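The values are calculated or read from the model by the stated rules, or taken from the named source; none is laboratory data. Predicted, not measured: the structure shown is a model, and the values here were computed from it. Heads up, the Cβs are rebuilt from the backbone with ideal geometry, glycines too, and the neighbour counts pull from every protein chain shown. Remember, those area values only see protein heavy atoms, side chains included, never the ligands or the DNA or RNA. Shrake-Rupley method; radii C 1.70, N 1.55, O 1.52, S 1.80 Å.
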Amino acid sequence: MKAVYTPRHLAHDVTRETFLGESIPAHEVVARAESIRAALEADGGFELVGPTEHGREPIEAVHDPGLVRFLEEAWPAVERERVARGALIADTYPSRPMFEGMSDAVVAARPEPEAIGGRAGWWGLDTANPIVAGTSDAARGAVDVALTTLDLVLGGERVAYGLCRPPGHHAARSMAAGYCFLNNAAIAAEAAVRATGERVAILDLDFHHGNGTQQIFWRRGDVFYASLHGDPRRIYPFFLGHADEVGEGAGAGENLNVPLPAGTGDEAYLEALERALAAIADRPGSLVIVSLGFDTYRDDPICDFALTTPIYHEIGRQVASLGRRLVVLQEGGYHLPTLGANAVSWLRGADGRAGVSRP
Ligand code: Q9C
Ligand code: ZN
């Protein structure tokens, strides 16, 4: 199987994040992608290829150009302030109640702030998006990885894997969030629709709800979004991901959320997966974008499902049994010691290869 990787992610070298205001070691780190790359190389069944440049047009087909501009301008603006700063993290966000009672038109006319701290809040949801010198280039690299993975599949591969880092599914049209800056899967889905004229399905198997992907395709009838995730009543992103979010307008019925309880294990997960796969099989189209997270793993440090390594092989196998072309893109997963093995397990399953028995 071809796997797309670029070292450009190394420049998004984040070391700290905040958890309820406390500074803690970052979870979304360089070592994540490097451990997956090492496992793919050690397996021998993957051909690693670099991405090709796709420019900003496919990005701005999905995102507000202002978000792309903010990402480019953020670190230079921090440097101009000449204050030693490890990373730019916003602390003031435009919460909806701030505008209560004001008309939509007046709210829409509020200007983007000039100060870089204000801009970081304007273009963000939460504090999990530290921006460092290489963040913009790394995020652009992850988009190129996703679009190159799509190119491989459009060029005849039945399945290909894009080792995207930073991840993407929390990023909405005009908002970075939850370790994500640009929505790799959404950008690939939009490009796939434009290239094929077909309907496209996105299957989001990251532990978290992909609020950004849902938002981008909320009113779209040509992109079906299905997600299995920790129930937002207890889990980030907290405010979206409920089962009654089904889309609106042309997108009514084209959004499927399956929130799951703490402790969800292999069997319960496979049952939920069956629902999502049946919904995809019910719809036309030949291409599925998979937002793949391994934060569903039982030892993941920030999540509460209980999946095991062998089940990832079965999940990959079942997703492939849809009989559709698969563009598999990496999202989250934070248990470094097993990340590589879990990725290899899933991808071997999707590729029709046997699982690996682990020592
Ligand atoms: N420091 C993905 O898995 N909340 N994103 C973290 C704890 C954000 C997860 C707060 C979690 C985002 C792609
Ligand atoms: Zn996640």
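Some notes on this structure:
- Mean Cβ count within 10 Å, highest first, over the residues of peptides 184-192, 341-349, 82-90, 300-308: 184-192, 341-349, 300-308, 82-90
- Taking a point 7 Å from the Cα of residue 107 along the Cα-to-Cβ direction, the residues of the range 216-252 with backbone N closer than 20 Å to it are 216-219, 238-242, 245-249.
- Protein heavy-atom surface of the range 1-147, 1.4 angstrom probe: 54% of the accessible area is carbon and sulfur, with nucleic acids and ligands not counted.
- Between residue 31 and residue 299, residue separation times 0.36 nm minus the direct Cα-Cα distance comes to 94.8 nm.
- Coordinate range of the alpha-carbon atoms in the chain per principal axis, descending: 55, 44, 40 Å.
- Built from the Cα atoms of the range 75-211, the convex hull projects on average onto 10.6 nm², one quarter of its surface area.
- Shown for the range 268-359: the carbon plus sulfur share of the solvent-accessible area, taken with all protein chains present and a 1.4 angstrom probe, equals 50%.
- In this simple spin-label model, placing a label point 7 Å from the Cα along the Cα-to-Cβ direction at both residue 321 and residue 336 gives a separation of 3.6 nm.
- Residues of the range 84-100 with amide N under 18 Å of a point placed 7 Å along Cα→Cβ from residue 16: 84-92
- For the range 222-239, backbone phi angles converted through the Karplus equation (6.51, -1.76, 1.60; θ = phi - 60°) give residue-by-residue couplings of 9, 10, 8, 10, 10, 9, 9, 6, x, 4, x, 4, 10, 10, 3, x, 6, 9 Hz, Gly and Pro being listed as x.
- Length gained when the stretch residue 53-residue 357 is fully extended (0.36 nm per residue, less Cα-Cα span): 105.6 nm
- What the chain shows is 41 Å² of accessible area per residue, with the surface traced by a 1.4 Å probe over protein heavy atoms.
- Applying 1/(1 + (r/R0)^6) with R0 = 35 Å to the Cβ-Cβ distance of residue 83 and residue 61 gives a FRET efficiency near 0.45.
- Estimated at 0.36 nm per residue, the fully extended path between residue 282 and residue 42 surpasses their Cα-Cα distance by 82.6 nm.
- Each 5 Å bin from 0 upward holds the following percent of the Cα-Cα pairs of the range 220-281: 4, 18, 25, 23, 18, 8, 2, 0.
- A Stokes-Einstein calculation at 25 °C with viscosity 0.890 mPa s, built on the Kirkwood radius of the range 1-125 over Cα pairs, returns a diffusion coefficient of 136 µm²/s.
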